[in-house]
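Engineer: There's a structure below that I have some questions on.
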Amino acid sequence: MITSLRLFDFKNFSDETLRVGPFTLIVGSNASGKSNIRDAFRFLHGVGRGYTLAEIVGGKYGADWKPIRGSASGIVRFGASTSDRELAPFALEVRMRLSCDTVGDASYFIRANPEALSGGRLSIAAESLTINKEEVYSEKVFDDQNGSLNRDQPALFQILRWASNFETYEKVRKVIDVLYQARFFDFAPDRMREPTPEVQTSLGDSGEHLPAVLKEICNNSERKKILNEWVRELTPMDVEDFEFPRDASGKVHLVIHEKTGLKVSANIASDGTLRFLGMIAALLGMDSDGLYFFEEIENGLHPSRLHLLVDLIERQTAKGRVQVIATTHSPDLLSLVSDETFKNMSVTCRLEDKNDAVIHPITDLPNAEKFRKTQGLGRLLASGWMETALAFTEGYEDDWEASE
């Protein structure tokens, strides 16, 4: 489970930390950096996949891995570079709690340097892994044990080749698993309507393979019961069953059966219904595990159903297998979260007359708990109070503390 992400000179963040819980919500105006946080998690996910830095940033052919927005040189925070010939490095540090009796907290740090004269080509400037406050490896440890580091690729996978004992191997493997088990969903209803081979039982980032994933869920009677209950709650449809007919090519289609006898094909189902089905499939699927990132999670969903979506996510993340990070612009959604989720909400904000953005837990804003009870988080978001309070505290922290 990831507990925090720290960004150094990454895009529009100078040195900011996001606190991460079971269900983490991020709010902020457009262009404040919410999508840049997603890019940082994608960078670390690429590390977990064992890609080179060039592949992480530029895309990997044949691996369904899209480039991170902006070139390698564009990842560096604007104004951080010292000259056109030398670009400043950027760094990410992720802290996590590993699910193992003998392995507790871990911290992985990577600093990458874009070379201006090579079109922004990235190379590793520094890297380290610490588990239970014990350094598993760093630049110096790696050099001493195995010669020079291949600076085009993060060292995590390279370490597996020279791990001195099984315990070290297992520790590194668990860190890799946390980074690898991340998904970045941006549902496209047209992709979700497409028939799919039955063997494709992992939901794609755009929601592709939805029929096959739902079919696998329905093969388990208990999961099917839960699926039907949530679909009935989340949509106006009185769902009784699902059907998965095959076409001449053997691909699986999705048909929803209502109690009235009406059969609704995915081809004519509403976009909102498909988005709900995608979220349910992601959270209830047989391979549901790791970190899920949703941008503007409320898109296409009716406000009257948002409380059910929040309830579903909070129930599933409380089980400890799945973490959800989501951005939102919805005041209605913020008013529905539990006390536990409230503790893991952050706001991003670009400071006035600056390109830099900051990240701040909402609970740490002045009187946030009081205003939540008296006015509601939705009203605070809609009025712009969160960004105003954050900008004020960033500029006048000492004065504020003195006045308390």
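The values are calculated or read from the model by the stated rules, or taken from the named source; none is laboratory data. Keep in mind it's a predicted model, so treat the numbers as computed, not measured. With ideal geometry, Cβ positions are generated from the backbone for all residues, glycine too; neighbour counts draw on all protein chains shown. In case anyone asks, the SASA skips ligands and DNA or RNA and just uses the protein heavy atoms, side chains included. Shrake-Rupley method; radii C 1.70, N 1.55, O 1.52, S 1.80 Å.
Engineer: Rounded to the nearest 500 deg cm²/dmol, what is the calculated helix-only ellipticity per residue at 222 nm for the chain, with -39500 (n - 2.57) per DSSP H run of length n ≥ 4?
Structural biologist: Value at 222 nm, helices only: -10000 deg cm²/dmol.
Engineer: So, by mean Cβ neighbours within 10 angstrom, what's the order for 207-220, 331-344, 52-65 with the highest one leading?
Structural biologist: Answer by packing, highest mean first, reads 207-220, 331-344, 52-65.
Engineer: Could you count how many Lys pairs in region 157-306 have their Cα atoms under 29 Å apart, skipping same-chain pairs fewer than 8 positions apart?
Structural biologist: Final tally of qualifying lysine pairs is 13.
Engineer: On to the next question. Straight-line reach from LYS373: which lysines fall under 23 Å, measuring Cα to Cα and dropping same-chain residues less than 8 apart?
Structural biologist: Output for LYS373: LYS343.
Engineer: Something else about it: Per-residue counts of other Cβ atoms within 10 Å, averaged by peptide: what ranking do you get for 314-320, 124-130, highest first?
Structural biologist: Order by mean packing, descending: 124-130, 314-320.
Engineer: Right, something else. Obtain the nm distance between the two label points defined at ARG246 and GLU296 by a simple spin-label model: each point lies 7 Å from its Cα along the Cα-to-C-beta direction.
Structural biologist: For ARG246 paired with GLU296, the spin-label model returns 3.9 nm.
Engineer: Sort 20-28, 222-230, 153-161 by packing, meaning the average of other beta carbons within 10 Å per residue, with the highest value first.
Structural biologist: Output ranking for 20-28, 222-230, 153-161: 20-28, 153-161, 222-230.
Engineer: Roughly how many Å² is the accessible area per residue of the chain, as a whole number, for a 1.4 Å probe?
Structural biologist: 46
Engineer: Compute the FRET efficiency between GLU167 and LYS225 as 1/(1 + (r/R0)^6), taking r as their Cβ-Cβ distance and R0 = 51 Å, and round to the nearest 0.05.
Structural biologist: Between GLU167 and LYS225 the formula returns 0.75.
Engineer: Name the shape class, rounded, prolate or oblate, that the alpha-carbon gyration tensor gives for the chain, where a ≥ b ≥ c are the square roots of its eigenvalues, rounded holds for a/c under 1.5, and otherwise prolate holds if a/b is larger than b/c and oblate otherwise.
Structural biologist: oblate
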